[in-house]
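Derivation of every value follows stated rules applied to the coordinates shown; laboratory data play no part. In this text the structure is predicted, and so the values were computed from the model without any measurement. Neighbour counts run over all protein chains shown; Cβ positions are idealised from the backbone, glycine included.
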């Protein structure tokens, strides 16, 4: 049982996508550096439990696979990093979102989660980060959890209704019922995704596209105000519900443009500026 469990865990880890920039050489370096530590941990956990040479190798392989694949996200062992702005040769802004797990043997453990570029055919985009349910509700006209619940309950309803009809047929015509069940299963597998796609298209046309058209034409200061309003929306929802208040306090707002660079439009300080005129004067001289 133990041998099968270790083999199963190794196979499960290998199903996950690898982290970025983990080369075969990097894998060998990680194995050399951590082999002794993994062996000590294995001895500490399993004590005198008999572990074959093959299973010991699989445990080592499983540890390496977990360390270098996105399965690390399951344990919440990551932090999000977002880089946004303009490169020296870029005329339009870009955004790169990544998950960083740490560093090992001078190798950063991370993967790029998303790359967004303003380009022809995409004049504007709103990218929610972290607690993003309220922004998605605003953009799509429906709460993401409610959307998923509606889709799942619709699938369950169609499936149960078909089961009721097929069971009635089966009571009199068993062979026809089996054929009908296969046809219904195939039909549902094809029709439900089309139904969900139609709902998505309606949301995009009725809610998302009008907002994107507005965002594409807003002046810089109002773009900053819109971003602040969306964060405030999340903060207010968290405050009046029984969810944990992970968004709160004064909100910093900055705007990045090709001409002006990084500009604060609203920024909190840990001190009152009027009580520290010398600091303000010092900063103004820079």
Could the peptides 95-108, 173-186, 268-281 be put in order, highest first, of the mean number of other beta-carbon atoms found within 10 Å of their residues?
95-108, 173-186, 268-281
In percent, what relative contact order does the chain have, based on Cα pairs under 8 Å that are 6 or more apart in sequence?
13 percent
If you build a Gaussian network model of the chain, linking Cα atoms that sit under 10 Å apart, which residue out of 121, 87, 261 swings the most?
121
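Using the 10 angstrom Cβ neighbour count as an exposure proxy, how do 65, 201, 12 rank, fewest first? Before the final figure, lay out each step's value.
Numbers: 65 20, 201 10, 12 13.
In order of increasing Cβ crowding within 10 Å: 201, 12, 65.
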Can you tell which of 140, 44, 228 shows the greatest fluctuation in a Gaussian network model of the chain with Cα springs below 10 Å?
44
Connecting every pair of Cα atoms under 10 Å apart in the chain and solving the GNM, the largest mean-square fluctuation among 85, 141, 26 falls on 26
Sequence-separation-based contact order of the range 47-99, relative, with Cα cut under 8 Å and 6+ spacing, percent:
24 percent
Read through the labelled values (i) 1.05; (ii) 0.90; (iii) 1.43 and report the label of the one computed as Cα Rg over 2.2 N^0.38 Å from the structure.
(iii)
Compute the distance in nm between two label points, each set 7 Å from the Cα along the Cα-to-Cβ direction, one at residue 189 and one at residue 119.
3.4 nm
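When only C-alpha pairs under 8 Å and at least 6 residues apart count, what is the relative contact order of the range 133-247, in percent?
Details: 52 pairs, mean separation 37.0, N = 115.
Computed value for the range 133-247: 32 percent relative contact order.
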